[in-house]
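Participant: Submitted below is the structure of interest, expressed as structure tokens.
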2 protein chains.
Amino acid sequence: MPDNEHKITILDIAEKANVSPSTVSRVLRNSAGVAARKRAAVLHAVAELDYRPNIFAQSLASGQSMTIGVLTQNFGSPFYDGILHGILLGLEGSDYWPLFADGRWQPAVEMRALQLLLDRRVDGLIIIGGQISEETLQQVARKTPLIVAARKTPTLPENCLYVKNYEGGYNATRYLIEMGHRDIAHITASYVNPVAVDDVSQRRKGYEQAILDAGWQPDPRLIVEGNLQQQSGVLAIEMLLARGRSFSAIFAANDQMAFGARLALYRRGIRVPEDVSLIGFDDETFAPYMVPPLTTMRQPDVEIGQAAVAAILDMLQGKKPDLPVFETELVVRESVARR
Amino acid sequence: MPDNEHKITILDIAEKANVSPSTVSRVLRNSAGVAARKRAAVLHAVAELDYRPNIFAQSLASGQSMTIGVLTQNFGSPFYDGILHGILLGLEGSDYWPLFADGRWQPAVEMRALQLLLDRRVDGLIIIGGQISEETLQQVARKTPLIVAARKTPTLPENCLYVKNYEGGYNATRYLIEMGHRDIAHITASYVNPVAVDDVSQRRKGYEQAILDAGWQPDPRLIVEGNLQQQSGVLAIEMLLARGRSFSAIFAANDQMAFGARLALYRRGIRVPEDVSLIGFDDETFAPYMVPPLTTMRQPDVEIGQAAVAAILDMLQGKKPDLPVFETELVVRESVARR
DNA sequence: TTTTATACTGAAAACGTTTTCGTGTAAAGG
DNA sequence: CCTTTACACGAAAACGTTTTCAGTATAAAA
């Protein structure tokens, strides 16, 4: 690099402002009273020299990294992406900076990512989904402010952000029933390579309870399993059709599988919603642009991200965080018809 | 763990292994020869005490942060997300760690994010899209290895990753022509709040040239502008239809607008591809699940991300990076019919 | 006027590494 | 044998802050 300019440090500021380095530091962090005259001189020198503190020295000396670790499973997934967006929003103007890591739904990768985040001495940690053992999580929580979202963690009620998936599944099904449907298929997922997905099984329980409450018996022939990806929605429909059990509506445990299902129905010449109604879960960005626009249960992803950050920030200040419970919301579009 | 509070440092290792701290450091970074016996002792002590180096001290002493800054404009966008994924992939196993920042397509936010990344002393920087002035970019490039992707930067040919958008637009249009279409509409975008989108205007030039090469004149009534979002695709179709100029095919400058267009056509009862053919650009994850599956031009997003990382890593080793030029690829699905 | 708090402030000690400098020792060369 | 040369490796000096400690004024209290 041709540019061998001397990096300006706090010492340069001190010299230029005719004070000691300690005083410069005090001014910069507002950690103690400093005479107005000197404060001005310091500020002036800082501006003049365009001083940029060395973040490593700061962190080393103060023991704080001013970063929040965010461990997610899949940058690409729309739901996770919404949470990330919320985190970004929540962090805005807070002096903290997010450090993202992606576990890619692989236990080994995830553990490594967690370790790396810890090694980078994050001041707080937000974990979205994943499959790290509760024991490990407890251990982490003991040393670092921790929030776990989009995942069930019975042993850490104080650190968990929770969405009412059971109610969501119930309400989605209930809506179909109210629209006159009786034979309602459900596309669920119990293991995704190969981690149990509690959220989704909660939705299934809600589905089954809604059927029971209507006075009917859930029919196992109407339940198929996918893996949350679009393609598995296609397969689910094939399987369902092969079983020969008729149905007039489908509740997919997430939008992505609903999209796949919709495509499979199109290929079979089955119209939506004239022949079969379809409801999803998540309200992904694409849902309003499905043909026809997808009726679905919205999860407040951005809000969850914001709440996670708010909670971490509270914890960092020693306050008890408040952990709202999130409701899902029915978004009526055009993929469900009255029967 | 029975955490006796005492953080173990390199000194503890040194003591336990009966060597000096310097030697421990040498073993850990492999920076100089160490007697096999001592090396083993150090490694043993490290394992025994579960030593974790303090990354701030390392960075402070070595002057390297072992991080790569990534400045993106929009975590949510599928194309950007693909690039991010590629970056993650490329970084795997490289000792470097990505630091993400989101410019949100807002110049002020973007500049602030850049500044923060620089303050964190990233060893390299990848900028995806955005509107930071070329002058600023040059300044940055002088001090830090820099790669700019998905954006035109005439003054920085050595730092730029480039996709053949012109050819992509040309080929998409050419394909429609070959399929027997003559009246081909184009949904483009010239400014997106309010940054000029060079990629998209290249595609438009390709479109116009293909028409010219077929011996016809581009008709301005067949060109509408959106803002790259789905919703603008809907509006574009409304506008197009209102103009009364007939057309049998549409080339949308990105998939998102194609999705919106498809919805608008559905609402008007215009069938795809029987009445109107539709081709997009990007090959987003959702494209194969549109109804009907969308024919589109694929951009190698993941590969771009990987190439960006590879280039940065090269630069960090003082090597001249090789900067491949990326081709787009026609992905034929079912949204274009022969006329 | 003397005492006693009450600001300020600078010197110096962390913080936990990496890296430079020398020194002692063993191998190689004459 | 005596010099070089090469190698290991410990001591100590960075790296750039924050924070503690110990003053010194200065103002308030007595």
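The values are calculated or read from the model by the stated rules, or taken from the named source; none is laboratory data. Here the structure is a predicted model, which means the values were calculated and not measured. So basically every Cβ, Gly included, is an ideal-geometry build from the backbone, and we count neighbours across all protein chains shown. Only protein heavy atoms, including side chains, enter the accessible area calculation; ligands, DNA and RNA are left aside. Shrake-Rupley method; radii C 1.70, N 1.55, O 1.52, S 1.80 Å.
Participant: Can you tell which of A:279, A:304, A:312, A:270 is more than 23 Å from the chain's Cα centre (by Cα) and either more than 17 Å from residue B:287 (Cα to Cα) or at pLDDT 95 or above (or both)?
Facilitator: A:270 is the lone residue from the list that is more than 23 Å from the chain's Cα centre (by Cα) and either more than 17 Å from residue B:287 (Cα to Cα) or at pLDDT 95 or above (or both).
Participant: Further question on the same structure: I'm trying to understand the selection: among the residues of segment A:44-58, which are more than 9 Å from chain B (Cβ to nearest Cβ) and either open to solvent by 80 Å² or more (accessible area, probe 1.4 Å) or within 9 Å of DNA strand C (Cβ to nearest atom) (or both)?
Facilitator: Of everything in segment A:44-58, those that are more than 9 Å from chain B (Cβ to nearest Cβ) and either open to solvent by 80 Å² or more (accessible area, probe 1.4 Å) or within 9 Å of DNA strand C (Cβ to nearest atom) (or both) turn out to be A:44, A:48, A:50.
Participant: Next question. What are the pairs, 6+ residues apart or on separate chains, where a residue within segment A:47-62 that is of a type in the set (S, T, N, Q) has its Cβ under 6 Å from a residue that is crowded, with 18+ Cβ neighbours inside 10 Å?
Facilitator: A:59/A:65; A:59/B:56
Participant: To continue, here is another question. Would you mind finding the one in B:36, B:41 that is over 21 Å from the mean Cα position of the chain (by Cα), open to solvent by less than 40 Å² (accessible area, probe 1.4 Å), farther than 20 Å from residue A:98 by Cβ and more than 12 Å from DNA strand C (Cβ to nearest atom)?
Facilitator: After ruling out the rest, the residue left standing is B:41.
Participant: Continuing with this model, one more query. Which of the following residues is in the same structural domain as residue B:211 (by TED's automatic domain parsing) and surrounded by fewer than 17 Cβ atoms within 10 Å (Cβ to Cβ): B:244, B:318, B:280, B:233?
Facilitator: Among B:244, B:318, B:280, B:233, only B:244 is in the same structural domain as residue B:211 (by TED's automatic domain parsing) and surrounded by fewer than 17 Cβ atoms within 10 Å (Cβ to Cβ).
Participant: In this structure, is residue B:57 near DNA strand D (Cβ under 9 Å from one of its atoms), modelled with pLDDT under 90 and closer than 27 Å to residue A:57 by Cα?
Facilitator: In short, no.
Participant: Can residue A:213 be described as without any contact (Cβ under 8 Å) to a residue 60 or more places away in the chain, open to solvent by 60 Å² or more (accessible area, probe 1.4 Å) and more than 14 Å from chain B (Cβ to nearest Cβ)?
Facilitator: Yes: the conditions hold for residue A:213.
Participant: Moving on to the next point. Report, by residue number, each residue of segment B:44-74 that is within 39 Å of the chain's Cα centre (by Cα) and among the acidic types (Asp, Glu).
Facilitator: B:50
Participant: Still on this model: Do you know which residues across segment B:76-111 are hydrophobic (A, V, I, L, M, F, W, C) and open to solvent by less than 20 Å² (accessible area, probe 1.4 Å)?
Facilitator: B:83, B:84, B:87, B:91, B:99, B:100, B:101
Participant: A further question follows. Could you tell me how many of the residues in segment A:59-100 are over 29 Å from residue A:111 (Cβ atoms) and either of a type in the set (Lys, Arg) or within 10 Å of chain B (Cβ to nearest Cβ) (or both)?
Facilitator: 2
Participant: Let me ask something additional. Quick one: would you say residue A:23 is within 30 Å of residue A:303 (Cα to Cα), surrounded by 20 or more Cβ atoms within 10 Å (Cβ to Cβ) and not small (Gly, Ala, Ser)?
Facilitator: Judged against the criteria, residue A:23 is not a match.
For every residue, the table says whether it meets (1) on the phi < 0 side of the Ramachandran plot; (2) not basic (Lys, Arg).
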site: A:114; (1), (2): yes, yes
site: A:117; (1), (2): yes, yes
site: A:129; (1), (2): no, yes
site: A:139; (1), (2): yes, yes
site: A:144; (1), (2): yes, yes
site: A:154; (1), (2): yes, yes
site: A:172; (1), (2): yes, yes
site: A:175; (1), (2): yes, yes
site: A:182; (1), (2): yes, no
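Participant: Any chance segment B:63-73 includes a residue that's modelled with pLDDT of 90 or more and within 10 Å of DNA strand D (Cβ to nearest atom)?
Facilitator: yes
Participant: Failed condition for residue A:130, given (1) surrounded by 15 or more Cβ atoms within 10 Å (Cβ to Cβ); (2) under 19 Å from residue A:320 (Cα atoms); (3) more than 12 Å from chain B (Cβ to nearest Cβ), with all others met?
Facilitator: Failed condition: (2).
Participant: Run down B:173, B:153 and say which single residue is free of Cβ contacts under 8 Å to residues at least 24 places away in the same chain, in contact with an Asp or Glu (Cβ under 9 Å, 6 or more places away or on another chain) and closer than 21 Å to residue B:254 by Cβ.
Facilitator: Exactly one of B:173, B:153 is free of Cβ contacts under 8 Å to residues at least 24 places away in the same chain, in contact with an Asp or Glu (Cβ under 9 Å, 6 or more places away or on another chain) and closer than 21 Å to residue B:254 by Cβ, namely B:153.
Participant: Hey, another quick one. If residue A:335 meets every condition in (1) more than 14 Å from every other protein chain (Cβ to nearest Cβ); (2) surrounded by 24 or more Cβ atoms within 10 Å (Cβ to Cβ) apart from one, which number is that one?
Facilitator: Failed condition: (1).
Participant: Do you know which residues across segment A:136-174 are among the hydroxyl-bearing types (Ser, Thr, Tyr) and touching a Gly at 6+ places or on another chain (Cβ under 6 Å)?
Facilitator: Correct list: A:166, A:170.
Participant: Would you mind telling me which numbered condition in (1) within 14 Å of chain A (Cβ to nearest Cβ); (2) within 16 Å of DNA strand D (Cβ to nearest atom); (3) open to solvent by less than 60 Å² (accessible area, probe 1.4 Å) residue B:28 fails?
Facilitator: Here residue B:28 clears every test but (3).
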